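One structure is given below, encoded as structure tokens.
What follows draws every value from the coordinates through simple rules; no lab data is involved. Computed from a predicted structure; not experimentally measured. Every residue, glycine as well, gets a Cβ built from its backbone with ideal geometry; the counts of neighbours run over all protein chains shown.
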Amino acid sequence: MTADEQKRISGEAAAELVEAGMVVGLGTGSTAAHFVRALAARGLAIRAVPTSEATANLARELDIPLVGLDDVKFIDLTVDGADEIGPGLSLIKGGGAALLREKLVWEASRRCVVIADAAKQVKALGRFPLPIEVVRFGHPHTGRRLADIAAEFDLPPPRLRMAERGIVVTDGGNVIYDLASGKISDPAALAGALKSVTGVVDHGLFLDLADLALIGTDGGVVNLTP
Ligand code: 5RP
């Protein structure tokens, strides 16, 4: 099975968890897109809260009714991908630069399910560079403060995310610094330190948020709980 096929079966399994009448959080990325397509195919009467403009566009194409996060008191179920799934369903997210809206939607959700291909599961977080979302105003200064924090954790300085057309700007108008670490030995301590920096909006460590992981493997979908 290719990684994309593994993503597809995990997305399809997650779509089976959705019931009519639910408010559903729609994640961002290629795995979440499989979920959104499988959800649309079920034709249930639901309302959905997208975590990015890209996902909102896909949902509109598929005639999934959308509502804003402001329009609902809570979300019944959010399904989203991840860049890494570590011990206790600790996650790194934000490879698609949608981490801020994703985390807001996850935190407003009663249940959060992460979907992924098998390669995303790791023994320790950190192989995937940790995205940190930073307000644009004065971001080189914030970047230097982040480098100081990284040094305290024996990590190299984070790097501003660039694309072919220049600096990557998120849906929220912010920039992303990626912290390539190799291994994050204390994710909770790093999360706290990063959040303490003025100018940091949020980071891609999703700790104690996922209730279930559905991992696509060559042998089928494997369920993991924290
Ligand atoms: C976007 C994310 C994605 O969920 C993450 O990057 C995984 O993407 P994919 O499903 O394409 O592998 O966090 O901000």
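Tally the DSSP beta bridges in the chain and give the antiparallel ones as a percent, rounded to 5.
In the chain, DSSP labels about 55 percent of beta bridges as antiparallel.
Using a 7 Å offset from the Cα along the Cα-to-Cβ direction at both D171 and R47, what is the distance between the two label points in nm, to one decimal?
Here the modelled spin labels are 1.7 nm apart.
Under a 10 Å cutoff between Cα atoms, tell me which one of G199, G29, G138 has the largest fluctuation in the Gaussian network model of the chain.
Sorting by GNM fluctuation, first place goes to G138.
Counting only DSSP beta bridges with both residues in region 91-217, tell me the antiparallel percent, nearest 5.
75
In a GNM of the chain with a 10 Å cut-off on Cα contacts, which of T55, T28, T78 has the highest mean-square fluctuation?
T55
Work out the FRET efficiency for N223 and S30 from their Cβ-Cβ distance, taking R0 = 25 Å, and round it to the nearest 0.05.
0.75
Specify whether the C-alpha gyration tensor of region 130-203 places it in the rounded, prolate or oblate class, a ≥ b ≥ c being the square roots of the eigenvalues: rounded for a/c under 1.5, otherwise prolate if a/b is larger than b/c and oblate if not.
In terms of gyration-tensor shape, prolate.
Please check: in the Gaussian network model of the chain (C-alpha springs, under 10 Å), which one of S52, S185, S90 has the largest mean-square fluctuation.
Judging by the Gaussian network model, the answer is S185.
Just from its helices, what would the mean residue ellipticity at 222 nm be for the chain, if runs of 4 or more DSSP H residues each count -39500 (n - 2.57) and the sum is divided by every residue, rounded to the nearest 500 deg cm²/dmol?
Rounded to the nearest 500, it is -9000 deg cm²/dmol.
Among the lysines, which fall within straight-line cross-link reach of K7, defined as a Cα-Cα distance under 19 Å, with same-chain neighbours fewer than 8 residues apart omitted?
K93, K120
Ranking request for peptides 147-158, 109-120, 92-103: highest mean number of other beta-carbon atoms within 10 Å first, then the rest in descending order.
92-103, 109-120, 147-158
Using packing as a proxy for protection, rank 164-174, 41-51, 187-197 so that the peptide with the highest average count of other Cβ atoms within 10 Å comes first.
Ranking the peptides 164-174, 41-51, 187-197 by packing returns 41-51, 187-197, 164-174.
Subtracting the Cα-Cα distance from 0.36 nm times the residue separation, let me have the gained length for D211 to E19 in nm, one decimal.
67.4 nm
Roughly how compact is the chain, stated as its Cα Rg over 2.2 N^0.38 Å to two decimals?
Computed over Cα atoms of the chain, the ratio equals 0.99.
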